[in-house]
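The values are calculated or read from the model by the stated rules, or taken from the named source; none is laboratory data. All figures in this text were calculated on a predicted structure; none of them were measured in a lab. Methodologically, a virtual Cβ is constructed for each residue, glycine included, from the backbone with ideal geometry; neighbour enumeration extends over all protein chains shown.
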Amino acid sequence: MLRYAILFAMALLLTLSASAQKQEGSELNKIENGVRQGWWRIEGRNGRIDEGAYVNGKKNGEWVTTDAKGVVRSRVTFDNGVPRGMATYYYPDGKVMETGYWNVDHWEGDYGRYYENGNKSCSFSYDNRGRRAGKQTYYHENGKLMFDGVWEAGKINGPLSIYNDEGQKVMERNYDASGNYQGSQDVVPEVPSGAGGKTSKDFKGTGNFSIYDSFGRKEMSGQFKNGVFMTGDKFIYDSAGKLIRVDKYVDGKKVGSKNP
């Protein structure tokens, strides 16, 4: 991460240098000896404006793009005419959409993307070749954790944890070092009611769950929506506690049964 800290400091110095040119320059869109120099303000189609500094005909420092309403839509750092440095893109309302360190044609280091409501959508880490590397995290739109796992050279390696929109872990998928899927297993989340926190009483979860009755027997396993069992298996026991039938549900309706 020291390398990225140094890169960030260099990008910041370029931005400060460009800002100084803007303050000191008395002339916009200047051309000297046939090349662009100093601060430029370029008006494009549909009211778009690109603004930043040229040094010997090449963009340097931070360039800012605004739309017809004056809302900033991007901030991109250039180094000797090449996009290299911190870059941030914005939604039409001015909220951050994505941000990170851009190097010519790929992201490097830490990268973040956001939903329009301002909550983070994902948090990635890239190596110097633009491949995802290290811990990668996705979020539901409500801000709760959705997936997380570890990538190496652009491929997932090891377990990928999956969470419902309440942030409860409900499944774990496993991958080998080549990113090949190896299998998965359900995870019983903590449900804050009933015996051991795993019964259906007052359960309001959404996602994949295995629910147990007060005797610790599996009662339902499958997809729930706001606590309502939608798709999966429902286990039926006799008065002695012996499993006698498994009912199959799809979209909240019983579609069949089978003997254990």
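A few comments on the model shown:
- Of all the criteria given as (1) surrounded by 18 or more Cβ atoms within 10 Å (Cβ to Cβ); (2) within 28 Å of G167 (Cα to Cα), the one not satisfied by M86 is (2).
- Residue in region 76-127 that is nearest to T66 (Cα to Cα), counting only those that are under 11 Å from the mean Cα position of the chain (by Cα) and among the basic types (K, R): R113
- Taken together, the residues in region 89-110 that are surrounded by fewer than 19 Cβ atoms within 10 Å (Cβ to Cβ) and either of a type in the set (S, T, Y) or not in a strand (DSSP E or B) (or both) amount to 9.
- Test: residue in region 103-123 that is aliphatic (A, V, I, L, M), at pLDDT 95 or above and either in contact with a Ser or Thr (Cβ under 8 Å, 6 or more places away or on another chain) or over 28 Å from E152 (Cα atoms) (or both): no
- Yes/no for G134 being at positive phi, surrounded by 15 or more Cβ atoms within 10 Å (Cβ to Cβ), assigned by TED's automatic domain parsing to the domain that holds K69 and in contact (Cβ under 8 Å) with a residue 12 or more places away in the chain: no
- Unique match (being within 15 Å of the chain's Cα centre (by Cα), closer than 30 Å to Y90 by Cβ and part of a loop (DSSP other than H, G, I, E, B)) among G143, G130: G143
- Qualifying positions in region 43-74 - more than 24 Å from Y90 (Cβ to Cβ) and surrounded by 15 or more Cβ atoms within 10 Å (Cβ to Cβ): V55
- Of the set (1) assigned by TED's automatic domain parsing to the domain that holds G109; (2) modelled with pLDDT of 85 or more; (3) touching a Leu at 6+ places or on another chain (Cβ under 6 Å), all apply to G167 but (2).
- Residue pairs meeting the criteria (Cβ under 6 Å; at least 6 apart or on separate chains; first modelled with pLDDT of 95 or more and surrounded by 14 or more Cβ atoms within 10 Å (Cβ to Cβ), in region 23-42; second assigned to a loop (DSSP other than H, G, I, E, B) and of a type outside the set (A, V, I, L, M)): R36/G57; G38/G25; W39/G25; W40/N29
- Among the residues of region 147-179, those that are in a loop (DSSP other than H, G, I, E, B) and of a type in the set (D, E, K, R) comprise D165, E166, D176.
- Applying a threshold of 8 Å to beta carbon distances and a minimum spacing of six or more residues, or different chains, the list of pairs starting in region 55-76 at a residue that is assigned to a loop (DSSP other than H, G, I, E, B) and ending at one that is among the polar types (S, T, N, Q) and at pLDDT 95 or above reads N56/Q37; G57/Q37.
- Cβ-Cβ distances below 7 Å connect the following pairs, each with a first residue in region 216-238 that is without any contact (Cβ under 8 Å) to a residue 60 or more places away in the chain and under 12 Å from G205 (Cα atoms), a second residue that is in a loop (DSSP other than H, G, I, E, B) and among the β-branched types (V, I, T), and a separation of six or more residues or different chains: F224/T206; K225/T206; N226/T206.
- Q182 meets all of the listed conditions (1) touching a residue at least 12 places away in the same chain (Cβ under 8 Å); (2) exposed (fewer than 13 other Cβ atoms within 10 Å of the Cβ); (3) within 30 Å of T206 (Cβ to Cβ); (4) not charged (D, E, K, R) but one, namely (1).
- Condition broken by T15, with the remaining ones in (1) closer than 30 Å to R132 by Cβ; (2) polar (S, T, N, Q); (3) surrounded by fewer than 16 Cβ atoms within 10 Å (Cβ to Cβ); (4) modelled with pLDDT under 95 satisfied: (3)
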